[in-house]
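Engineer: Provided herewith is a single structure, encoded as structure tokens, for subsequent inquiry.
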Amino acid sequence: MPLPQTFTLLVLGQGSTGLDVASWALDHPERVSSVTVYGGAAAEPAEAARALEARGVRFVLGTEEVEGSYDVCVASPGISEFSDFFASARARSGQIMGEPEFAWRLSDAPWCAVTGTNGKTTTTSLIDFILRRAGVPSVAVGNIGTPTIRAVDGADPSTWMVAELSSYQIATTSELHPRVAVLLNITPDHLAWHRTHENYAAAKLRLLRNMDESDLAIVDMDDEGVRSRADRIFAPGRRVLTLTRADSGAADAAFVRDGVLTVRLAGEETALVPVGELGIAGEHNVANALAAASAALFIGAGAEALRSALRSFRPLEHRIEPAGAIDGVRYFNDSKATNTDAVEKALTAFPDDRVIVLLGGHDKGTPLEDFADFVCARVRAVVCYGEARARFRRAFEAARDGRAVDIAEADDLRDAVDVARSLAGRGDVVLLSPACSSFDEFSGFEERGRAFKAYLDELRAAGAPRE
């Protein structure tokens, strides 16, 4: 169903997404005749909302019972489609959707959308980096930092919108139709929002629902969560590129042959770069690079520009980001690793190193038995810290099973760094890869990662020996 030519707009949530949507609406009075924002039951007057209110936006706070009637509702990603708030808004609206769906319907630009439990930001950034290096106009949007609605007015049919989309943002889509879509992996996460893992997986798969043989869906078939849902991915009339470490033999495929990243589109192969020449390390980043290369080649990037970009692209902040060395010990900031699967992938970047991993923060309640066994087989020490420290320590002590793994406990992140320093020797790696959210101590993984790096800078400034 297309958006009406002129419509009344309801926005759920007064966070950054909701305010961005309301701001866009105010800038387009020819499309939006009125804007109402429901902040939610716990919402309080916010400074950022006052300017919008002065321009005519109506704010309703302290309730989740929506009143009135609206043509279109845009729900912020923090509001679950299973919540009473969402249900109340749906009953009062002709259409309800998330911000990316709203932006897509307003946009003339082609979209390349990326989703998965882990690796979304790196892959989205790399696609955008390759396209720019190849002279293809693009803009990185979505969860990566710039909301899609902010880019709508500046993007035309020659500019690719490269969008990192979360399960929250995809779950309520109906017409979103990317020309290229990447599905990296599906592992348990965000169960409080989706209620069940199957709902979460269904939200990820929803990204592909409108794609056809003129598009390209890129899926990592080495991931069990993706592979187990192959019957819903390989739909009649949908073109799918299979991403695997070994050649699948498909006409559209991405794989590693003799150590070289290779992409095949419609039977035509392009050899890219050796795995060892990638600018980002780790087995998971081989998959991310193959996905990004496949997307960029399909979009129109030249092979030489693509090879150059793969060699020169560097780790993003908070994603196995080098954080310098102290006394011969290298430190890495992987604060973005807020679930166990992300930590397991990060450890593949250090196959020959002695690793001390810092785990902890706000406990998500994720099962730890298999995870603890995996980690104990690959590290020399674990420091459990923060709110989750006691449960994590018990899990690792149970999984150690005679292996020479030191297991320590710390109060908070700074204390965890101090404990790790006491355990580390020259040549070791200290990896902050917490497997938890940061909300026991910080406002988000970004603040946590920067606090980690800032403390290392303090130690160096205080005279801790450098490498």
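Engineer: Suppose we filter E65, E30 for residues that are closer than 20 Å to S107 by Cα, in a loop (DSSP other than H, G, I, E, B), in contact with a Ser or Thr (Cβ under 9 Å, 6 or more places away or on another chain) and modelled with pLDDT of 95 or more; which single one remains?
Structural biologist: E30
Engineer: Can you tell me how many residues within region 233-250 are out of contact with any strand residue (DSSP E or B) (no Cβ under 8 Å at 6 or more places or on another chain) and either surrounded by 13 or more Cβ atoms within 10 Å (Cβ to Cβ) or closer than 24 Å to P110 by Cβ (or both)?
Structural biologist: First pass over region 233-250, keeping only residues out of contact with any strand residue (DSSP E or B) (no Cβ under 8 Å at 6 or more places or on another chain): 235-237, 249.
Within this subset, residues satisfying the condition of being either surrounded by 13 or more Cβ atoms within 10 Å (Cβ to Cβ) or closer than 24 Å to P110 by Cβ (or both) are 235-237.
Count: 3.
Engineer: Those residues that are in a loop (DSSP other than H, G, I, E, B), of a type in the set (G, A, S) and buried (at least 24 other Cβ atoms within 10 Å of the Cβ), I need them from region 418-439; list them, please.
Structural biologist: Listed by number, the residues that qualify are S433, A435.
Engineer: Tell me, yes or no, whether region 219-229 has at least one residue that is hydroxyl-bearing (S, T, Y) and either farther than 28 Å from V275 by Cα or buried (at least 23 other Cβ atoms within 10 Å of the Cβ) (or both).
Structural biologist: Within region 219-229 (the criterion being hydroxyl-bearing (S, T, Y) and either farther than 28 Å from V275 by Cα or buried (at least 23 other Cβ atoms within 10 Å of the Cβ) (or both)), the answer is no, since none of the residues qualifies.
Engineer: Then there's this: Would you please name the residue that is most open to solvent (accessible area, probe 1.4 Å), looking only at residues in region 1-27 that are in a loop (DSSP other than H, G, I, E, B) and among the small types (G, A, S)?
Structural biologist: Among them, the one singled out is G15.
Engineer: Could you identify the single residue in A292, A251, A246, A296 that is part of a loop (DSSP other than H, G, I, E, B) and at pLDDT 95 or above?
Structural biologist: After applying the criteria, what remains is A251.
Engineer: I'm checking my understanding of the structure. Among residues of region 387-417 that are of a type outside the set (V, I, T) and assigned to a loop (DSSP other than H, G, I, E, B), which one is surrounded by the most Cβ atoms within 10 Å (Cβ to Cβ)? Working first, answer last.
Structural biologist: Initially, region 387-417 is screened for residues of a type outside the set (V, I, T), giving 387-404, 406, 408-416.
Checking the rest, the ones that are also assigned to a loop (DSSP other than H, G, I, E, B) come to 401-404, 411-412.
Details: D401: 11, G402: 5, R403: 11, A404: 8, D411: 14, D412: 17.
Top of the filtered list is D412.
Engineer: Only one of A381, A388, A305, A372 is touching a Gly at 6+ places or on another chain (Cβ under 8 Å), modelled with pLDDT of 90 or more and closer than 19 Å to C436 by Cα; which?
Structural biologist: Numbers: A381 fails: touching a Gly at 6+ places or on another chain (Cβ under 8 Å); A305 fails: closer than 19 Å to C436 by Cα; A372 fails: touching a Gly at 6+ places or on another chain (Cβ under 8 Å).
Result: A388 is the single residue among A381, A388, A305, A372 that is touching a Gly at 6+ places or on another chain (Cβ under 8 Å), modelled with pLDDT of 90 or more and closer than 19 Å to C436 by Cα.
Engineer: Moving to a separate point now. Taking the stated definitions as given, is F445 of a type in the set (F, W, Y), in contact with a helix residue (DSSP H, G or I) (Cβ under 9 Å, 6 or more places away or on another chain) and open to solvent by less than 50 Å² (accessible area, probe 1.4 Å)?
Structural biologist: In short, no.
Engineer: Now for a separate question. List the residue pairs whose Cβ atoms are under 8 Å apart, where the first residue sits in region 306-328 and is open to solvent by 50 Å² or more (accessible area, probe 1.4 Å), the second is of a type in the set (S, T, Y) and not in a helix (DSSP H, G or I), and the two are 6 or more positions apart or on different chains.
Structural biologist: As it stands, the answer is P322/Y331, since those pairs meet every condition given.
Engineer: Can you name the condition, by its number, that F452 falls short on among (1) out of contact with any Leu (no Cβ under 6 Å at 6 or more places or on another chain); (2) under 18 Å from Y331 (Cα atoms)?
Structural biologist: All conditions are met except number (1).
Engineer: Looking for something touching a strand residue (DSSP E or B) at 6+ places or on another chain (Cβ under 6 Å), modelled with pLDDT of 95 or more, more than 30 Å from R179 (Cα to Cα) and of a type outside the set (K, R) - is there at least one such residue anywhere in region 340-355?
Structural biologist: yes
Engineer: Pairs, please: C-beta under 6 Å, at least 6 apart or cross-chain, first residue closer than 9 Å to I320 by Cα and open to solvent by 10 Å² or more (accessible area, probe 1.4 Å) and in region 331-347, second part of a helix (DSSP H, G or I) and aromatic (F, W, Y)?
Structural biologist: K336/F445
Engineer: Which residues, counting only those in region 136-150, are surrounded by 20 or more Cβ atoms within 10 Å (Cβ to Cβ) and not β-branched (V, I, T)?
Structural biologist: Scanning region 136-150 gives S138, A140, G142, N143, P147.
Engineer: With the structure loaded, tell me whether R264 is in a strand (DSSP E or B), open to solvent by less than 30 Å² (accessible area, probe 1.4 Å) and among the charged types (D, E, K, R) or whether it fails that test.
Structural biologist: So R264 passes the test.
Engineer: On the given criteria, is G39 in contact (Cβ under 8 Å) with a residue 12 or more places away in the chain, under 20 Å from I149 (Cα atoms), part of a strand (DSSP E or B) and open to solvent by less than 60 Å² (accessible area, probe 1.4 Å)?
Structural biologist: yes
Engineer: Is it true that A87 is open to solvent by 20 Å² or more (accessible area, probe 1.4 Å), closer than 19 Å to G13 by Cβ, of a type outside the set (D, E, K, R) and modelled with pLDDT of 95 or more?
Structural biologist: It is true that A87 is open to solvent by 20 Å² or more (accessible area, probe 1.4 Å), closer than 19 Å to G13 by Cβ, of a type outside the set (D, E, K, R) and modelled with pLDDT of 95 or more.
Engineer: Counting just the residues of region 151-162 that are more than 21 Å from S76 (Cα to Cα) and not charged (D, E, K, R), which one comes out most open to solvent (accessible area, probe 1.4 Å)?
Structural biologist: Checking each candidate, the answer is P157.
Engineer: Got a sec? Which of S138, S125 is over 22 Å from D231 (Cα atoms), out of contact with any helix residue (DSSP H, G or I) (no Cβ under 8 Å at 6 or more places or on another chain) and hydroxyl-bearing (S, T, Y)?
Structural biologist: Working: S138 fails: out of contact with any helix residue (DSSP H, G or I) (no Cβ under 8 Å at 6 or more places or on another chain).
Just a single option satisfies the conditions, and that option is S125.
Engineer: Using the structure shown, decide if D373 is open to solvent by 70 Å² or more (accessible area, probe 1.4 Å), of a type in the set (D, E) and at negative phi. If you could, list the steps in order and put the result at the bottom.
Structural biologist: Values: open to solvent by 70 Å² or more (accessible area, probe 1.4 Å): yes; of a type in the set (D, E): yes; at negative phi: yes.
Criteria met by D373.
Engineer: Another question about this same structure. Here are some conditions: (1) modelled with pLDDT of 95 or more; (2) crowded, with 22+ Cβ neighbours inside 10 Å; (3) in contact with a Phe, Trp or Tyr (Cβ under 9 Å, 6 or more places away or on another chain). T117 meets all but one. Which one does it not meet?
Structural biologist: Failed condition: (1).
Engineer: Hey, could you check region 267-289 for residues that are among the charged types (D, E, K, R) and assigned to a helix (DSSP H, G or I) and say which is nearest to the chain's Cα centre (by Cα)?
Structural biologist: Applying the first criterion (among the charged types (D, E, K, R)) to region 267-289 yields 268-269, 277, 283.
Now drop any that are not assigned to a helix (DSSP H, G or I), which leaves 277, 283.
Values: E277: 24, E283: 17 Å.
Out of the qualifying residues, it is E283.
Engineer: May I ask you to list the residues in region 268-295 that are closer than 14 Å to L243 by Cα and open to solvent by less than 20 Å² (accessible area, probe 1.4 Å)?
Structural biologist: Result: N285, V286, A287, N288, A289, L290, A291, A292, A293, S294, A295.
The values are calculated or read from the model by the stated rules, or taken from the named source; none is laboratory data. The model shown is predicted, which means the values in this text are computed figures rather than measured ones. Note that we place each Cβ from the backbone using ideal geometry, even for glycine, and neighbour counts take in every protein chain shown. Only protein heavy atoms, including side chains, enter the accessible area calculation; ligands, DNA and RNA are left aside. Shrake-Rupley method; radii C 1.70, N 1.55, O 1.52, S 1.80 Å.
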